[in-house]
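Asks: Here it is, the structure, as structure tokens.
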Amino acid sequence: MNELRKHRIKSVFRYTWPFYIISGVVISLTLVFIFGATHRIPEYKTLTLFVSGEVTDYKKLEKDVLTRFKDNELKTFGTIDANPKEQTYYNRLSIQGYSSADILILPTSVIENLNLAYFALSLPNELVNDYYSGYSIYNRDEIKYGVKLDKAKINSYMNLPNEDCYMVLNAKSQNLGEYGGIAVKEHNNALNLVKDWGI
Amino acid sequence: MDYRVDIENEYKKAKSTFLKHSLLFSLILTLVLIGDVLLVTLSGENYVINLIIAAVITTLFSWYAIFFFTNIYGEINSRYRFYKGYDSGLKPVEEVEFLSQRGEILYVNGLYVYELSVRYFEGITHQDKIIYCFDKLDFEVGDKLTIETYQRIIVKAEKHS
């Protein structure tokens, strides 16, 4: 009977072997998906910067920002850079900048041509008083939108156009403390970074 | 010389084997699921090692499950159902002449059986049929037997003196 059983197992294996391979692949992919989904870094722990210029030392910039906000649970930092002189600049700004960036560094010549109400957070007086009291603020039609960038603080990380630049907060960002959509006071990394680099 | 299958004893053995394998499978399934849930929930940001462990454990279990359902389960389930349905099933008792028996064991409908041919008498005519038996029978060609069968398997055979 044992011989017959061995023979039967062999003959069954002859047409079931693909299932062994398929099950391994399907299970591995499913677990990768489950682990990825359950360990996804929340948006308030990531910060993305849109730079209208060129990031020259990304590693240093990333390291400095992550160290600066380590206590506030910042886990990842990323940049999107695009040169305003390039033809693709506005495409990158509208596709990547508006959708992914928390903070957009925009030169005056660019910011004046944009419909800021479409993507930018208008800064209420309480926010300005809490974070940016005494800072130079970009106004349009009496609505405050951006904080002037102190280029001396970011010179070692990036090259920017030779004109005044402003840091505009994306209204979709989840790093806007109590002023964002989710309104959690502690999730304010974007506000703090703007405060650090503002003037 | 007479042959008889100890139905009650075989039923107990078949039931015990069926329950043992089913419980073992359920236990392993539960442990794998608990293990996977723990590996997912307890892993930190660097979860690669946990992911690999979970993938290996679950893949090995899936191979065991495929092997179990394509090889083991059919066998133990057929044997268990055979004995379980014995009391309520049809068990014709007939007189036959023993013709021959094949020496090698066969796997038929989930049961390991020997094949034998017997001659049934119906008035002045007769008909030869293939039936099965769990064990090798010690009869000779031409022996007249009274047999009781269940699902074409001999469970009782008596030789006429």
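Asks: Anything in the range A:1-29 that is under 27 Å from the mean Cα position of the chain (by Cα) and either facing chain B (nearest Cβ under 7 Å) or among the aromatic types (Phe, Trp, Tyr) (or both)? List them, or say none.
Replies: Pass one, the range A:1-29, residues under 27 Å from the mean Cα position of the chain (by Cα): A:29.
None - no residue of the range A:1-29 is under 27 Å from the mean Cα position of the chain (by Cα) and either facing chain B (nearest Cβ under 7 Å) or among the aromatic types (Phe, Trp, Tyr) (or both), so the list stays empty.
Asks: For the range B:96-142, which residues satisfy the criterion of being among the aliphatic types (A, V, I, L, M), under 18 Å from A:Arg5 (Cα atoms) and in contact with a Leu (Cβ under 7 Å, 6 or more places away or on another chain)?
Replies: Result: B:Ile105, B:Val113.
Asks: Could you pull out the residue among B:Ile28, B:Ile7, B:Ile34, B:Ile52 that is within 12 Å of another protein chain (Cβ to nearest Cβ) and of a type outside the set (Asp, Glu)?
Replies: B:Ile52
Asks: Then there's this: Does the range B:131-150 hold any residues that are under 10 Å from B:Leu99 (Cα atoms), of a type outside the set (Phe, Trp, Tyr) and surrounded by 13 or more Cβ atoms within 10 Å (Cβ to Cβ), and which are they?
Replies: Answer for the range B:131-150, where residues must be under 10 Å from B:Leu99 (Cα atoms), of a type outside the set (Phe, Trp, Tyr) and surrounded by 13 or more Cβ atoms within 10 Å (Cβ to Cβ): B:Asp143, B:Lys144.
Asks: Looking at the range B:114-130, which of its residues are of a type in the set (Phe, Trp, Tyr) and surrounded by 15 or more Cβ atoms within 10 Å (Cβ to Cβ)?
Replies: Across the range B:114-130, the qualifying residues are B:Tyr114, B:Tyr120.
Asks: Moving on. Identify all residues within the range B:12-48 that are surrounded by 12 or more Cβ atoms within 10 Å (Cβ to Cβ), touching a helix residue (DSSP H, G or I) at 6+ places or on another chain (Cβ under 8 Å) and not hydroxyl-bearing (Ser, Thr, Tyr); write none if there are none.
Replies: Once the filter is applied, which keeps residues that are surrounded by 12 or more Cβ atoms within 10 Å (Cβ to Cβ), touching a helix residue (DSSP H, G or I) at 6+ places or on another chain (Cβ under 8 Å) and not hydroxyl-bearing (Ser, Thr, Tyr), the range B:12-48 yields B:Ala14, B:Lys15, B:Phe18, B:His21, B:Phe25, B:Ile28, B:Leu29, B:Val32, B:Gly35, B:Asp36, B:Leu39, B:Val40.
Asks: Could you go through the range B:151-161 and let me know if any residue there is surrounded by 15 or more Cβ atoms within 10 Å (Cβ to Cβ), of a type in the set (A, V, I, L, M), in a strand (DSSP E or B) and free of Cβ contacts under 8 Å to residues at least 60 places away in the same chain.
Replies: no
Asks: Test B:Asp128 against the stated conditions and say whether it is part of a loop (DSSP other than H, G, I, E, B) and of a type in the set (D, E, K, R).
Replies: no
Asks: Determine whether the range A:69-77 contains at least one residue that is assigned by TED's automatic domain parsing to the domain that holds A:Asn155 and out of contact with any helix residue (DSSP H, G or I) (no Cβ under 8 Å at 6 or more places or on another chain).
Replies: yes
Asks: State the number of residues belonging to the range A:173-199 that are in contact (Cβ under 8 Å) with a residue 60 or more places away in the chain and out of contact with any Leu (no Cβ under 9 Å at 6 or more places or on another chain).
Replies: 6
This table checks each residue for (1) within 17 Å of the chain's Cα centre (by Cα); (2) under 18 Å from B:Leu29 (Cβ atoms); (3) not in a strand (DSSP E or B).
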{"site": "B:Phe61", "(1), (2), (3)": "no, yes, yes"}
{"site": "B:Asn71", "(1), (2), (3)": "yes, yes, yes"}
{"site": "B:Asn77", "(1), (2), (3)": "yes, yes, yes"}
{"site": "B:Glu95", "(1), (2), (3)": "no, no, no"}
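Conditions (1) within 24 Å of A:Lys85 (Cα to Cα); (2) among the acidic types (Asp, Glu); (3) touching a His at 6+ places or on another chain (Cβ under 8 Å), marked per residue:
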{"site": "A:Glu142", "(1), (2), (3)": "no, yes, no"}
{"site": "A:Val147", "(1), (2), (3)": "yes, no, no"}
{"site": "A:Leu160", "(1), (2), (3)": "yes, no, no"}
{"site": "A:Leu191", "(1), (2), (3)": "no, no, no"}
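Asks: Further, regarding this structure: Whether any residue in the range B:96-113 is buried (at least 16 other Cβ atoms within 10 Å of the Cβ), in contact with a Cys (Cβ under 6 Å, 6 or more places away or on another chain) and under 20 Å from A:Arg8 (Cα atoms) is what I want to check.
Replies: Within the range B:96-113, none of the residues are buried (at least 16 other Cβ atoms within 10 Å of the Cβ), in contact with a Cys (Cβ under 6 Å, 6 or more places away or on another chain) and under 20 Å from A:Arg8 (Cα atoms).
Asks: Would you please name the residue that is nearest to the other protein chains (Cβ to nearest Cβ), looking only at residues in the range A:30-48 that are surrounded by 15 or more Cβ atoms within 10 Å (Cβ to Cβ) and out of contact with any helix residue (DSSP H, G or I) (no Cβ under 8 Å at 6 or more places or on another chain)?
Replies: A:His39
Asks: Of A:Gly134, A:Gly97, which residue is in the same structural domain as A:Leu193 (by TED's automatic domain parsing) and in contact with a Phe, Trp or Tyr (Cβ under 9 Å, 6 or more places away or on another chain)?
Replies: A:Gly97 is the lone residue from the list that is in the same structural domain as A:Leu193 (by TED's automatic domain parsing) and in contact with a Phe, Trp or Tyr (Cβ under 9 Å, 6 or more places away or on another chain).
Asks: Could you list, in sequence order, the residues of the range A:84-121 that are assigned to a loop (DSSP other than H, G, I, E, B) and loosely packed, with under 15 Cβ neighbours inside 10 Å?
Replies: Step one: list which residues in the range A:84-121 are assigned to a loop (DSSP other than H, G, I, E, B), which gives A:84-88, A:101-102, A:112-115, A:119, A:121.
Selection gives A:Lys85, A:Glu86, A:Gln87, A:Thr88, A:Glu112, A:Asn113, A:Asn115.
The values are calculated or read from the model by the stated rules, or taken from the named source; none is laboratory data. Note that this is a predicted model, so its numbers are computed, not measured. Glycine also receives a Cβ, built like all others from the backbone with ideal geometry; neighbour counts cover every protein chain displayed.
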